[in-house]
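One structure is given here, and the rest of the page talks about it.
The values are calculated or read from the model by the stated rules, or taken from the named source; none is laboratory data. Note that the coordinates shown come from a computational prediction; the quantities given were computed from them, not determined experimentally. Cβ placement follows ideal geometry from the backbone for every residue including glycine, while neighbour counts extend to all protein chains displayed.
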Amino acid sequence: MDNSIRKVAIKIEGVKKKYKLGQIGGGSLQKDLQSWWARFRGKEDPNSRLGEGERIKGQTFMALNGIDLTVYKGEALGIIGGNGAGKSTLLKLLSRVTAPTEGTIDLYGRVTSMLEVGTGFSGEMTGRENVYLNGAILGMTKAEIDSKMEQIIDFSEVRDFIDTPVKRYSSGMYVKLAFSVAAHLDSEIMIMDEVLAVGDMAFQKKCLDKMRDAARKEGRTVLYVSHNMNTIRNLCDRCIVMHKGKIVYDGDTEKAISLYMNQGNSGSGVCYDYTDIKRPGVASMRLELRNLRMVGRLNNTVSKGDTLELLIGCRCNSGGNKTGFRFEIRSDNGDMVGTVFSDKSLVFADGEECEIRVKLPTDNIAPGRYMAVALAYEYNSAGQQVYVDRVEPAMFFNVVNEKEGAMAWLPQYWGHVHFDDMTVEKTD
């Protein structure tokens, strides 16, 4: 449709968001004291972000550095990019959680948003009371909320607990009710920030179907942030890619995904910084995964059968325990392909900083695009694996088959595991 005759839902012009560095926010009292002591001695801050270039100026950090974006009514817009790219900051500005440092944001309609589990809910109030609270914030009357209540309860699948204080809800129950509220209350704009990963698969599908209907049948505008490329494909007809606080691509979803999957290439090598990655579900960070570098590669493409050699920067915050490592390999649509475990556990000393070398075989990985999740784990007293750190996504890589005469592999039909050829012969 011609954009000149479409109705604008969101108009963003010249938006910047600046944060002050070095005051608080190291993530723990220990890190804040480390930063203060380093500044006091005139030393480099050991907790400062690396590789941000022009985003760090003096004692300020540009989370968003000049955003221009127009979103139209009835559009489902995907927002993807590496960790620390500015995606969540952008959604917080659109949800009016915080204000831009520079620029203007015009919203043409009421906004419902899910930025993280529990946002907008009061823990002491029941599920039903929180529905009324959220509706009132949107300017709805009690009669309007009452007319939606049964739809919200049915969709949320928490009817038995709707009159229970939500502080007693599991994270999955939180998400189900919060999404149901956002999807059914009267708003023109829905904003979702990768919250569906907490719910079960059946509920995720129901939510995606609801968001798709909201955009295509109800004419609502949907903004969706996710690292799961399959959900982006299924929901979004347009996608933007963010990198270092800027929009580097705006257009076709498949082209956006292809660009995102090749992020990390610096021209002189492939590097990933984990400084700003959220760690949901991590019991502790006794060993912190800080960055990853692909050894001897100018890009993230590897020939099938080659060994992918990686160097992972680590920092030990509490030593003495045996730590194992594993990589979960996923396809670009989020499907699990397989898991590679380390051949042994390692022991680190308190405060130790080092690199570990990982050799990842690709013999049985079919040609295609992949994402890896990196995990460090220990065993508890019950013999169960417990994460000490988990990074998603840890890296992206492409596998190609360069053998002469090799047939083009179609993973959608043949899968992501490429077995060796089987032997066939005639028998007498």
**OP:** Restrict the check to the stretch 393-408 and report whether at least one residue is in a strand (DSSP E or B) and modelled with pLDDT under 85.
**Re:** yes
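Could you please find all residues in the stretch 336-361 being assigned to a strand (DSSP E or B) and of a type in the set (Ser, Thr, Tyr)?
The initial filter retains those residues of the stretch 336-361 that are assigned to a strand (DSSP E or B), namely 336-341, 346-347, 353-361.
Correct list: THR339 only.
One line per residue, one yes/no per condition, for (1) crowded, with 21+ Cβ neighbours inside 10 Å; (2) outside the structural domain of THR70 (by TED's automatic domain parsing); (3) of a type in the set (Lys, Arg); (4) under 21 Å from the mean Cα position of the chain (by Cα):
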site	(1), (2), (3), (4)
VAL166	yes, no, no, no
TYR174	yes, no, no, yes
GLU188	no, no, no, no
GLN204	no, no, no, yes
ASP209	no, no, no, yes
GLY219	no, no, no, no
MET229	yes, no, no, yes
**OP:** Give the residues of the stretch 372-389 that are within 24 Å of the chain's Cα centre (by Cα) and either of a type in the set (A, V, I, L, M) or modelled with pLDDT under 90 (or both), sorted by residue number.
**Re:** ALA372, VAL373, ALA374, LEU375, ALA376, GLN385, VAL386, TYR387, VAL388
Original post:
Consider ASP252 against the criteria (1) closer than 20 Å to VAL399 by Cβ; (2) more than 19 Å from the chain's Cα centre (by Cα); (3) at pLDDT 85 or above: it satisfies all of them except one. Which criterion is unmet?
Top reply: (1)
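How do the strands (runs of 3 or more DSSP E) wholly within the stretch 153-245 filter down when requiring 1 or more residues that are touching an Asp or Glu at 6+ places or on another chain (Cβ under 8 Å) and farther than 23 Å from VAL131 by Cβ: which remain? If you could, list the steps in order and put the result at the bottom.
Details: elements: 189-193, 221-225, 238-243.
Filter on the stretch 153-245 gives 221-225, 238-243.
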**OP:** Return the total of residues in the stretch 320-353 being in contact with a strand residue (DSSP E or B) (Cβ under 7 Å, 6 or more places away or on another chain) and either outside the structural domain of TYR387 (by TED's automatic domain parsing) or charged (D, E, K, R) (or both).
**Re:** 8
**OP:** Select from the stretch 324-352 the residues that are touching a residue at least 60 places away in the same chain (Cβ under 8 Å) and of a type in the set (D, E, K, R) and write down the one among them that is surrounded by the fewest Cβ atoms within 10 Å (Cβ to Cβ).
**Re:** ASP335
**OP:** Mind telling me which of the residues VAL225, VAL248, VAL181, VAL241 ends up being more than 26 Å from MET62 (Cα to Cα) and either of a type in the set (S, T, N, Q) or assigned by TED's automatic domain parsing to the domain that holds GLY78 (or both)?
**Re:** VAL181
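So in the stretch 264-288, with the set limited to residues that are modelled with pLDDT of 70 or more and charged (D, E, K, R), which one is farthest from the chain's Cα centre (by Cα)?
Going residue by residue through the stretch 264-288, those that are modelled with pLDDT of 70 or more are 270-275, 277-279, 282, 284-288.
Checking the rest, the ones that are also charged (D, E, K, R) come to 273, 278-279, 286, 288.
On the way: ASP273: 14, LYS278: 8, ARG279: 10, ARG286: 23, GLU288: 18 Å.
Of everything passing the filter in the stretch 264-288, ARG286 is farthest from the chain's Cα centre (by Cα).
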**OP:** Residue by residue through the stretch 289-319, note down the ones that are closer than 21 Å to ASN401 by Cβ and either in contact with a Lys or Arg (Cβ under 7 Å, 6 or more places away or on another chain) or in a loop (DSSP other than H, G, I, E, B) (or both).
**Re:** GLY296, ARG297, LEU298, ASN299, ASN300, LYS304, GLY305, ASP306, THR307, GLU309
**OP:** Give the residue that is farthest from ARG326 (Cα to Cα), with candidates limited to residues of the stretch 362-385 that are assigned to a strand (DSSP E or B) and in contact with a Ser or Thr (Cβ under 8 Å, 6 or more places away or on another chain).
**Re:** GLY368
Original post:
Only one of (1) touching a helix residue (DSSP H, G or I) at 6+ places or on another chain (Cβ under 6 Å); (2) modelled with pLDDT under 85 fails for ARG369. Which number is that?
Top reply: (2)
Subject >> Candidate set from the stretch 190-202 (those that are buried (at least 19 other Cβ atoms within 10 Å of the Cβ) and in contact with a Gly (Cβ under 9 Å, 6 or more places away or on another chain)); member that is modelled with the highest pLDDT >> reply: GLY199
